[in-house]
Structure formats: structure tokens, C-alpha cells
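The values are calculated or read from the model by the stated rules, or taken from the named source; none is laboratory data. Here the structure is a predicted model, which is why all the values come from computation and not from measurement. Every residue, glycine among them, receives a Cβ derived from its backbone with ideal geometry; neighbour counts consider all protein chains shown. For the accessible areas, the whole protein counts, side chains as well, though only heavy atoms, and no ligand, DNA or RNA atoms are used. Shrake-Rupley method; radii C 1.70, N 1.55, O 1.52, S 1.80 Å.
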Amino acid sequence: MSGDNKNPYDNICSQLEICTTQLGMDPGIHEILTHSKLIHTVSLPLTMDNGEIKVFTGYRVQHNDARGPYKGGIRYHYEVSMDEVKALAMAMTWKCAVIDIPYGGAKGGIVCNTKEMSIGEKEHLTRRYTTAISQFIGPYRDVPAPDMYTDAQTMAWIMDTYSVMQGYSVPEVVTGKPIELGGSEGRTEATGRGTAICLRECARSLDMPLKDATVVVQGFGNVGVHAAMTLSSMGCRIIGLSDSRGGIFNPEGLDPSKVLAHKIETGSVLGYPGSEELTNEEILELECDFLIPAALGHQIHEKNAGNVKARVIVEGANGPTTTEADEILSKNGVFLVPDILANSGGVMVSYLEWVQNINRQHWSLTEVNQQLESKLVTAYKNVWDMKEEMGVNMRDAALGMGVSRVANAIQQLGLFP
Ligand code: GLU
């Protein structure tokens with residue numbers, strides 16, 4: 001699922017290679033890290049509403065659990081592939097280590113187009129998938145969460161199916177649930193909110209004023225919406241926004257809550273009053289202070305990276321920039337806050353949800369947001385300090401931090417037998 005043809009797994013493996021070379025890591029440990037510990041492929045037969053039987057393919061990849069149970073979302077998209085899920089599972093391992101929460105990394109996906117499915121078909125597919133992977137997940141084994149085109153309702157179906165199979169209610173088997181079922185306050189907004197916090201910290205560290213800073217957001221889904229709203233409330237000017245159908249631009253600024261209301265009403269951001277229409281490619285090339293790619297992977301690649309005019313890129317999506325693009329951007333002096341830090345707010349609050357669930361507690365929104373804020377500010381500072389210490393860019397610093405924490409855990413556990 002990418003804007004170019006590069007294999008996402010090759011891309012993350014080349015990032016890992018650059019990082020382990022910089023760290024002077026034992027080649028054996030590097031070899032362990034390039035492999036996923038467990039890979040599950042399941043076929044999911046389903047009777048569609050019209051009576052036809054279709055067979056869907058689902059994946060759950062468990063990359064590494066040296067630091068704790070596997071953790072990561074499940075995405076539903078027609079371009080989901082095994083290599084993409086493997087790459088995203090590996091990214092989860094680094095992400096959880098960078099923000100220092102006690103989890104490993106996993107990812108799941110089903111190859112399907114939810115836009116063409118009824119709610120009943122989505123429910124049955126989710127329940128069938130849960131049944132197929134039920135022996136590999138669990139509160140202390142692997143804890144799924146939402147990702148692209150899955151949400152709190154999807155998590156409720158997984159929780160219910162898993163609980164029916166266990167014979168008792170197990171809310172802690174998934175995070176990102178509806179609040180009524182043990183979901184955490186603030187979880188839905190957490191990824192976008194976290195992206196906004198990282199952008200604010202970045203502005204502070206680069207001495208850029210936040211007030212009136214121009215921001216462009218590619219992707220107006222859960223991450224983009226909440227990032228734009230939070231940044232707007234921090235005083236930034238959102239000048240460009242886009243969804244899968246195209247983008248809108250207004251140099252005077254767009255009100256993200258009004259754009260969202262327009263999108264809910266019409267199905268797209270396009271046609272928002274007072275805005276100019278752009279393509280999804282053009283939106284990435286707008287002149288701005290901060291560009292937030294918050295849509296699909298590999299949107300910034302070898303061919304368009306040279307046209308990016310933003311001063312800073314804050315990666316709200318997973319893997320929006322290829323390694324070739326990274327090189328071009330860094331030559332052009334574009335500062336980049338990498339995905340494993342910039343979109344880690346989601347899994348951070350997933351962790352808080354899991355802690356609440358296993359302790360049978362429910363915290364207030366203020367408490368959750370305070371923890372998110374303080375943990376992310378610390379993570380940003382740690383990555384910045386590592387960047388200064390190692391003389392590398394933010395991506396390599398974040399990866400270096402995540403990868404070395406996982407490598408230390410593997411070394412301390414030792415190899416069995
Ligand atoms: N899917 C989200 C991510 O890529 C959240 C994962 C989680 O909460 O476990 O970070």
C-alpha cells in the first residue's frame with residue numbers, strides 16, 4: 001500500500017541496516033531483528049449479503065516480544081500484503097521501545113475493501129478472523145488495536161468473539177475499545193494528539209514559533225483530523241488538508257472542525273467553501289512550515305521528495321517516506337520527525353488502556369492526557385539528545401534508541417536453549 005512500487009519490508013530493512021551499522025551492532029543480533037518471530041496467514045471464508053461465498057486473506061505478524069507481549073493494530077485495506085504487515089510489525093517493535101512501554105511489536109491485516117462491505121459483512125469477517133487467530137492473541141501474548149479502516153466497533157467485535165471463546169469477559173485482549181467496554185478516555189484522539197505534541201516539541205527545539213505556523217495535513221482520517229484540530233487549538237494555521245479523493249488549500253487557514261462537518265455531510269473534504277482544490281500529490285508540495293503525511297505509506301518517494309517545500313515533516317502515518325526520499329530531504333535541509341515517534345501517541349494510550357483494564361480501573365481524560373503529554377515530551381527529548389550525541393538525523397536517532405533497547409533485551413534474555 002504505497003505511493004511507489006518499493007517493497008515496504010525492504011524499505012524498513014534498509015533503515016534497520018543503516019541503524020545497526022551506525023550502532024556497530026553484533027551481526028547476529030541484526031540477523032535476529034530482521035526476522036519476524038511468528039507469521040500467521042489465515043483464509044477467511046464468508047457468506048456475503050447476496051448469498052455468494054468469498055474467501056478473504058488475513059495476516060497477523062508477530063515480529064518480536066523480547067520487551068513484552070506483542071502489540072499492534074489490525075488494518076483492513078484492499079492493498080494489504082504480507083510484506084507490508086511484516087514491515088509494520090517491525091515498526092511497532094521499535095515504536096514501543098522508543099517510547100519505553102513494555103511491549104513487543106505485531107501487526108495484522110485483512111485484504112478487503114470495507115467501502116464495499118455492509119456493516120454485517122464487516123462484523124462477520126472480523127469475528128471469523130478473530131476465531132482464526134484466537135490462539136495466538138491474548139492479554140499477555142498479543143494485544144491488537146485499531147489501524148486503517150478499523151475502529152472501536154471492530155475492537156468490540158474482537159473482544160466479544162475472544163471472550164465467548166474463553167467463556168468469560170476479557171476486555172484487556174484488545175485496546176481502542178468503546179469506552180463502555182473498558183476503552184480509555186482519549187484513545188481515539190491519541191495518535192493525532194501525539195503527532196501534534198511532537199510537532200510542538202519540534203517547533204520548540206528548532207526555535208520556530210507555533211503561533212501562525214503553516215501546516216499541511218495529507219490524510220483526513222482519524223490521525224489527520226485530530227492532529228489538525230489539536231494544532232489549530234495550539235494556534236497553528238492549517239492551510240492544506242486532503243483525503244483519498246483530493247486536497248483543499250486556503251492560505252488564510254482552514255477550520256478543521258468545519259472541514260470535518262463538511263466531510264461527514266458530503267463524504268469528502270472537496271468542495272469546502274472558500275478553498276482551492278488540489279490533488280493528493282500537489283498537497284505534499286505546498287510551501288509550509290510543517291507537513292504531516294497522515295495517509296498511506298511511501299507517499300514521499302524518490303520522484304517527489306525534491307519538490308517538498310515544507311521546512312519540517314512530521315510523520316503521522318506509518319512509513320510515509322522511503323529511504324531514497326529520506327536522503328533527498330536531508331540534503332535539502334528538511335527536518336523530519338519519524339513515524340515511530342510522531343505517531344506513537346496511539347499505542348501509548350493503548351498501553352494506558354491495557355494498564356487500566358488489568359487493574360480494573362478507569363481514569364479521567366485529564367489523567368490520560370497528562371500521561372500522554374509527559375511521556376511523549378520525554379520521548380521526544382530523549383530522541384533529540386540521542387541525535388545530538390550520535391550526530392545523526394531524527395529517524396536514525398529514534399531507530400537507534402528503539403533498536404538498541406530491543407537488542408539489549410534479547411541479549412539479557414539470552415538465546416534458548
Ligand atoms: N495502529 C496503531 C499504530 O500503528 C496503534 C497500535 C496500538 O495501539 O497497538 O501505532
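Some values worked out for this structure:
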{"item": "Index of the failed condition, GLY333 passing every other in (1) among the small types (Gly, Ala, Ser); (2) touching a His at 6+ places or on another chain (Cβ under 8 Å); (3) over 30 Å from ASN369 (Cβ atoms)", "result": "(2)"}
{"item": "Hits in region 57-81 - residues which are in contact with a Ser or Thr (Cβ under 7 Å, 6 or more places away or on another chain) and either more than 10 Å from the ligand (Cβ to nearest atom) or among the hydrophobic types (A, V, I, L, M, F, W, C) (or both)", "result": "THR57, TYR59, VAL61, GLN62, HIS63, ASN64, ILE74, TYR76"}
{"item": "Residue in region 5-39 that is least open to solvent (accessible area, probe 1.4 Å), counting only those that are in contact with a strand residue (DSSP E or B) (Cβ under 9 Å, 6 or more places away or on another chain) and under 26 Å from ALA295 (Cα atoms)", "result": "ASN11"}
{"item": "Condition check for THR154: over 22 Å from ASP65 (Cα atoms), away from the ligand (no atom under 13 Å from the Cβ) and either in contact with a Cys (Cβ under 7 Å, 6 or more places away or on another chain) or part of a helix (DSSP H, G or I) (or both)", "result": "no"}
{"item": "Residue check, ARG245 closer than 18 Å to PRO293 by Cβ and among the basic types (Lys, Arg)", "result": "yes"}
{"item": "Qualifying residues in region 370-417 (those that are of a type in the set (Phe, Trp, Tyr) and at pLDDT 95 or above) - the one surrounded by the most Cβ atoms within 10 Å (Cβ to Cβ)", "result": "TYR380"}
{"item": "Residue count for region 101-123, restricted to those that are more than 27 Å from TYR140 (Cβ to Cβ) and within 11 Å of the ligand (Cβ to nearest atom)", "result": "0"}
{"item": "Wholly enclosed helices (runs of 4 or more DSSP H) of region 288-368 bearing at least 1 residues hydroxyl-bearing (Ser, Thr, Tyr) and either open to solvent by 40 Å² or more (accessible area, probe 1.4 Å) or free of Cβ contacts under 8 Å to residues at least 24 places away in the same chain (or both)", "result": "323-331, 345-358"}
{"item": "Region 46-100, subset assigned to a strand (DSSP E or B) and farther than 27 Å from TYR140 by Cβ, residue most open to solvent (accessible area, probe 1.4 Å)", "result": "ILE53"}
{"item": "Filtered residues of region 315-371 (kept if of a type in the set (A, V, I, L, M), more than 16 Å from the ligand (Cβ to nearest atom) and more than 22 Å from THR195 (Cβ to Cβ))", "result": "ILE328"}
{"item": "Some residue of region 131-138 being at pLDDT below 95, within 15 Å of the ligand (Cβ to nearest atom) and in a loop (DSSP other than H, G, I, E, B)", "result": "no"}
{"item": "Residue among GLY400, GLY319 that is on the phi > 0 side of the Ramachandran plot and not hydrophobic (A, V, I, L, M, F, W, C)", "result": "GLY319"}
